[in-house]
Amino acid sequence: MQDKLRALVRLAEIDNSARDTDEQLRGIPEELEERRAAVQALEALVGGQRGQLEEAKALLESQIEDLKLRNDMLARARAKSAKARNMREAQMAERELESVRRSIGDGEQERDRLQGLIDQIGSILEKPLTELEEQKTALTEAEASSGDKLTTLEAEKAEITKGRDEHVAKIPKPIYRRYERIRPKIHPAVVEAVDGYCTGCRMRIAPQLYNQIIAGTDFHQCQACNRFLFHKDAIL
Ligand SMILES: [Zn+2]
């Protein structure tokens, strides 16, 4: 039993030392994922604004075409007005001229509004476009360097966790599984019991349980924090 208990304590020591490396190993893909998500969000934003810009440009183009036609109409209405043979024809021509002028005025207003919109979207787009370029560059750099970092960290981890499997082999499977379940939630997952207390959560251990821990005849967990407990005398 002592051998099994000792194996769990050593295993926990190894896992505790590997914790930083593990965290960094997890952090690299997480960071890349965050960067990718940020680039995608910006691309969506820029894409949406570009769509609006294209739409406004197309509208402006057709508005300009339309204004050309209305100006042709104006020229024709003027010619008609000049040829008016009586008061009635002159009044009719004047009304037509007035209506064409109004429609040109409206068209010019719409043209200016569209031009303003295009300028506005263009200036709004500038910032996210610059940011998108910067973030893309940063992502490419992070992707390029992450491979080397991962290799270094993996080697570091292999060095730290050397001999881990041998300890695992000595621990009963259900205990090992329980340990692996606890480990991500409570750190450290295996702690010493000293003077009747759990050094993980500082809670007093029931005297009977403490005696069993000292005897080291089985695996025990703290009733308060669920950590595995051991007494140093039991793993000598
Ligand atoms: Zn505890």
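The values are calculated or read from the model by the stated rules, or taken from the named source; none is laboratory data. Note that the coordinates shown come from a computational prediction; the quantities given were computed from them, not determined experimentally. Cβ coordinates were reconstructed from backbone atoms using ideal geometry, including for glycine residues, and neighbour counts include every protein chain displayed.
Residue check: Val39 meets all listed conditions (1) at pLDDT 95 or above; (2) farther than 30 Å from Ala142 by Cα but one, namely (2).
Please tell me if Tyr197 is within 15 Å of the ligand (Cβ to nearest atom) and aromatic (Phe, Trp, Tyr). The answer is yes for Tyr197. Checking Asp218, Asp233 one by one, the residue that is in a loop (DSSP other than H, G, I, E, B), away from the ligand (no atom under 16 Å from the Cβ), under 19 Å from Ala12 (Cα atoms) and out of contact with any Lys or Arg (no Cβ under 8 Å at 6 or more places or on another chain) is Asp218 and no other.
Results for (1) over 30 Å from Gln49 (Cβ atoms); (2) under 60 Å from the mean Cα position of the chain (by Cα); (3) in a helix (DSSP H, G or I); (4) of a type outside the set (S, T, N, Q), shown as yes or no for each residue.
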{"residue": "Ser62", "(1), (2), (3), (4)": "no, yes, yes, no"}
{"residue": "Arg70", "(1), (2), (3), (4)": "yes, yes, yes, yes"}
{"residue": "Arg76", "(1), (2), (3), (4)": "yes, no, yes, yes"}
{"residue": "Lys80", "(1), (2), (3), (4)": "yes, no, yes, yes"}
{"residue": "Arg88", "(1), (2), (3), (4)": "yes, no, yes, yes"}
{"residue": "Ile104", "(1), (2), (3), (4)": "yes, yes, yes, yes"}
{"residue": "Gly107", "(1), (2), (3), (4)": "no, yes, yes, yes"}
{"residue": "Asp119", "(1), (2), (3), (4)": "no, yes, yes, yes"}
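For segment 129-148, state whether one or more residues are basic (Lys, Arg), farther than 30 Å from Gly47 by Cα, more than 16 Å from the ligand (Cβ to nearest atom) and assigned to a helix (DSSP H, G or I). Looking for residues that are basic (Lys, Arg), farther than 30 Å from Gly47 by Cα, more than 16 Å from the ligand (Cβ to nearest atom) and assigned to a helix (DSSP H, G or I), one finds none in segment 129-148, hence no.
Criterion applied to Pro207, Pro184, Pro174 was being within 38 Å of the chain's Cα centre (by Cα), more than 12 Å from the ligand (Cβ to nearest atom), farther than 15 Å from Val9 by Cα and modelled with pLDDT of 95 or more, and the one residue passing it is Pro174.
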